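The values are calculated or read from the model by the stated rules, or taken from the named source; none is laboratory data. All figures in this text were calculated on a predicted structure; none of them were measured in a lab. All Cβ positions, glycine included, derive from the backbone under ideal geometry; neighbour counts span all protein chains shown. Areas reflect the complete protein model, heavy atoms only, side chains present, ligands, DNA and RNA absent. Shrake-Rupley method; radii C 1.70, N 1.55, O 1.52, S 1.80 Å.
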Amino acid sequence: MTASTTLERKPVRHDLEELDSVTIRFAGDSGDGMQLAGTQFTNASAILGNDISTLPDFPAEIRAPAGTLAGVSGFQVHFSKYDIHTPGDNLNSLVAMNPAALKTNLKDLESGGILIVNSDAFTTADLHKAGYKSNPLEDGTLKGYRIFRVPINKLNREAVAEVKLSPREADRCKNFFALGLVYWMYERPMEPTLRWIREKFAKNPAVLEANTRTLKAGYNYGETTETMPVHYKVAKAQIKPGRYRKITGNEALAMALVAATEVANIPLVYASYPITPASDVLHHLSDLKRFGVRTMQAEDEIAASGMAIGAAFGGAMGVTATSGPGICLKSEAIGLAVMTELPCLIINVQRGGPSTGLPTKTEQADLLQAMYGRNGECPLAIVAPCSPSDCFTMTFEAIRLAIAYMTPVILLSDGYLANGAEPWLIPNPAGLPKISVRHPISLTGNGTADSNGEDSKAENGKGENGTGENGKIATGFYPYKRDERLVREWAIPGTPGLEHRIGGLEKEDVTGNVSYDPANHEHMIHTRAQKIANIAKDIPPLEIKGAADAELLVVGWGGTYGAITTAVDRAQRKGFKVASAHLRYLNPMPQNTGEVLKRFKKILVPELNAGQLRLLLRGMFLVDAVGLNKVQGRPFLVSEIETKIAEMLG
Amino acid sequence: MSAATATATTTPLPTLTPKDLASDQEVRWCPGCGDYSILAQMKKALATLGIAREKMVFISGIGCSSRFPYYMNTYGFHTIHGRAPTLATGLKVANPELSIWVITGDGDGLSIGGNHLIHAIRRNVDLKILLFNNEIYGLTKGQYSPTSRVGTRTKSSPQGSIDNPLRPLSLAIGAEATFVARTIDVDINHLTETLRRASAHKGTAFIEVYQNCKIFNDGVFEYATDKGVKADNLLFLEHGKPLIFGKDRNKGVRLHGLDPEVVSLGSGITVDDLLIHDEKAEEPSLAYLLSRMVHPRFPECVGVFRAVQRPTYEDLLNKQIEDIRRNRGAGKLEDLFASDDVWVVE
């Protein structure tokens, strides 16, 4: 069959089936444009009104040899008429652009699932590169799937034949042919993608024309051939009314940094060293200079932290982001930020470790490092968003807490949240939470050795006498004088009369002078810890989802929220007495955490690590928490958690 | 702007005395340490510059020299080992109006912090970086440093150091520093003048100070400080002047091929044969050549090796922000939030 005969045909009748949810994965060589096809499909589905959740999966190598297993790139989209929280466990449909993509992805396709293969790519050479001894399209391997062999290379070339392109350029359009076909199969609107093509290729009319033609040709191919006996419809989801966009975790981080600093009315200084999967935050922010964002690409991870802390000393919000080994390099600087009590934000987009580990894969194995991975007793605030859109909320929170408590905050995102996408109810900027910043402008209200010096010393309430290490009464500004929450003031260089020195050496209480006094050191250790502990009074309590008298509580943190929530939902519907609770504040934890945990007979802690939150909960609350631990660089499948729940309650 | 040129309409310049710049903290360097002199000259130099005290910030790393900020009644940040240039860069970007001095040493700036030093310099952040070179680790009690000469015997090099030393100025010039100078702790007038010139430079100013460590490396710069011999061992650089040195001002440096060569004036060699110092040369080759002249084969140069103008990092960064705001308008959050396909759910 040729494209021209295809296009001449009249539409044929196809059955239309209604489905609740579909999970589809686009898989191909990393040069095949699968991430783009997946993103476009996601946009179209979101605009159509489905709830969506996505999971991109790409190799660490930018261009592994074409056609090999190492070079396969995939993008999974789950779209539904219901509220969904995960990108889906098993695939209902798989688009495989070559044998390698088929080989690496087929195991995830449900029995009887739809398999669209680019039959042109199944040449002897391609089969060999993928390690196939015989052609799976012909040897019965694919028995049990609904397979559609589509000569995509050929159909694409014919669709773009009249556009002046090199053969290589023409072939690069084939992802749009596949996309068009899938749009037809699931009744998606083409217009959002056509608009994207018009904008993206405005300066390259030939490519614009070719992509437009082949997208439509793919759609028409579905409509006009009898190859596809059926197509599907997934109705709109019941979603809270409002304006929506699709958002990835990294986009949410970047937007929240801009929004929170604008609300707080302080400059945003963002310093970062390129590292997967955190680099996109740097890319987004570098493109937002019209918001006054000052981005710096540092010479290394350490420099990035130093720049953020230096900026914080100067009264800006200093932010740095990293991943994997990058966070190790930042440890010393984070300790300095704790010691000098400056507000800054360290974002860790966690990836598989240890060492270089799995750069493009997700993991949650840096929790204990965030808690304890510095020399000395070195507490700071830790928050963890639970979904891509929650990255906005929790980044905003992180900045609020950093400023309110004069502390570095670590935000633990992960590769799954960073690259995953979901719809986001666009907030009204006027309705964003307020963040107030106070930089003192004179000695008034602070401890001084001037006429009111004695009074202010009595005010600090900790019995310190405000003397320097050499016994002299310190004069001027007291950088370590604290308010009732134990928070010191954020006095910034440029302010007359408040000149002061800070640093990494232990401070004398109140004056901030260098002190080696044993009792003072212990007092400062406790003070720093208590200040962080005080944050618990300023964050929402831990909520229980489900019956408070359930037998089992499933406790999670970070990016596993979607899988846990879905699994617990399903188990509840099957009659299991199970509830869930999700920690978005890891240090300090909500005040009621211990009380919540102790209400349940059994506790399950699913984590993408070897049991880090479980260790904390057991140590802090003496509860017999059980772990469900997966460390494969992949998120949980809902079924994995559901099975464990059934096992514990069986 | 100097006080002399200030007109009645300008804001009165702050008048400070060196004493105004002293903090209340007891200075705790070893007796006889060269750091005392550097601290005193710094206070003397800064008091005359018309910069408000609250605009001055001293940022240091770790080591003897890095205690410096505690002794200045300005803003100060005693940071972590080797990283002072990074904090200084962040601070300068947050507030370009500050006058920021980075205080570092040969271990802090060239060993653990070597990377940050070259990157701050290449970016031309408007920082004054003062490297106290005593060719030894003092605070950790006397190990050889990245500037120790080969053969230096210390606790960690009992048979003599085998590491080839770095020349701080060669490194700074290699990173294309826009201002490079060398001075000596005990030459108080030269030191004060060098600090003044560095402060007036817009961009990264890198100054190496030969500094004597009385305890662990005493006398390592004696050839440059001893009244009897220093005139024959030092060459004071002056812009536009020939390279002449010596007690009797009868020796000079000329170019032989691509290498410097010491010559005696007279017997056919005149001042016209000598190299002329040009601190404003666009190419850093001459400055580099001068930085390679090492005692005892050559006199060592002191003074300003290079002083050229290039846009600063923070100005370029702010210009990008201003340009894009001028062309596209200041960002609005509602536009940012809607910067992708938006759909409405009724």
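Values for this structure:
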item	result
Förster radius 22 Å - calculated FRET efficiency between B:R310 and B:I276, Cβ distance, rounded to 0.05	0.45
0 to 90° range, to nearest 10: angle between helix B:313-328 axis and chain B longest Cα axis	20 degrees
Mean Cα-pair separation over length for region A:3-234, i.e. relative contact order, pairs under 8 Å, 6 or more apart, %	26 percent
Modelled label reach - A:V626, point 7 Å along Cα→Cβ, region A:595-611 residues with backbone N closer than 11 Å	A:602-605
Accessible area of chain B divided out per residue, in Å², using a probe of 1.4 angstrom	43 Å²
Computed over chain A: relative contact order in percent, which uses C-alpha pairs under 8 Å that are six or more apart	11 percent
Projected label distance in nm at A:H283 and A:L194, using a 7 Å step from Cα toward the beta-carbon	2.8 nm
Eligible lysines near A:K107 by straight Cα distance, threshold 21 Å, same-chain separation 8 or greater	A:K129, A:K133, A:K143, A:K361, A:K630
Per-residue HN-Hα couplings for region A:595-604 [Karplus 6.51, -1.76, 1.60; θ = phi - 60°; Hz; x = Gly/Pro]	4, 4, 4, 6, 6, 10, 5, 10, 10, 10
Long-range amide H partners of B:I129 with built H, under 5 Å	B:V102, B:A205, B:F206, B:I207
Nearest-20 debye value, chain A charge dipole, Cβ charges on Lys, Arg, Asp, Glu	1420 debye
Within 10 Å of each Cβ in A:501-507, the average number of Cβ atoms from other chains	6
Region A:514-595: chymotrypsin sites (Phe, Trp or Tyr not before Pro) in DSSP loop, at most 10 other beta carbons within 10 Å	A:Y516
Gap separating the Cα centres of region B:107-183 and region A:309-369, nearest whole Å	29 Å
Relative contact order for region A:249-330, counting Cα pairs under 8 Å that sit 6 or more residues apart, in percent	36 percent
Gained length - A:K203 relative to A:E522, 0.36 nm times residue gap less alpha-carbon distance	108.3 nm
Within region A:490-520, backbone nitrogen closer than 20 Å to the virtual label 7 Å beyond the Cα of A:R438 toward Cβ	A:490-500, A:510-512
Overall form of region A:3-234 per C-alpha gyration tensor (a/c, 1.5; a/b vs b/c)	rounded
Paramagnetic reach from A:S639 in region A:89-103 [backbone N under 19 Å; point 7 Å along Cα→Cβ]	A:89-95, A:103
Mean ellipticity per residue at 222 nm, deg cm²/dmol - from DSSP H runs of n ≥ 4 across the protein assembly as shown, formula -39500 (n - 2.57)	-9500 deg cm²/dmol
Solvent-accessible area per residue, Å², over chain A with all protein chains present [probe radius 1.4 Å]	38 Å²
For chain A, the longest site-free run once GluC sites (Glu not before Pro) in DSSP loop states with at most 14 other Cβ atoms within 10 Å are removed	A:227-376
Tilt relative to chain B, helix B:114-123 - C-alpha long axis, 0 to 90 degrees, to 10	70 degrees
DSSP-assigned coil residues among trypsin sites (Lys or Arg not before Pro) in region A:54-155, each with at most 12 further Cβ atoms within 10 Å	A:R63, A:K133, A:K143
Nitroxide proxy distance, nm - points 7 Å out along Cα→Cβ at A:A60 and A:N375	2.9 nm
For region A:552-648: rounded, prolate or oblate by the Cα gyration tensor [a/c cutoff 1.5]	oblate
Between 0 and 90°, nearest 10: helix B:188-200 axis offset from chain B longest Cα axis	30 degrees
Dipole axis of region A:14-129 (+1 Lys, Arg; -1 Asp, Glu on Cβ), positive-most option in A:T39, A:F122, A:A96	A:F122
Per-residue ³J(HN,Hα) for region A:115-122, Karplus 6.51 cos²θ - 1.76 cosθ + 1.60, θ = phi - 60°, Hz, x for Gly and Pro	10, 9, 10, 7, 5, 5, 8, 9
Inter-site label distance for B:Q159 and B:D20 at 7 Å from Cα along Cβ, in nm	5.8 nm
Of all accessible heavy-atom area on chain A, the percent that carbon and sulfur account for (1.4 Å)	52 percent
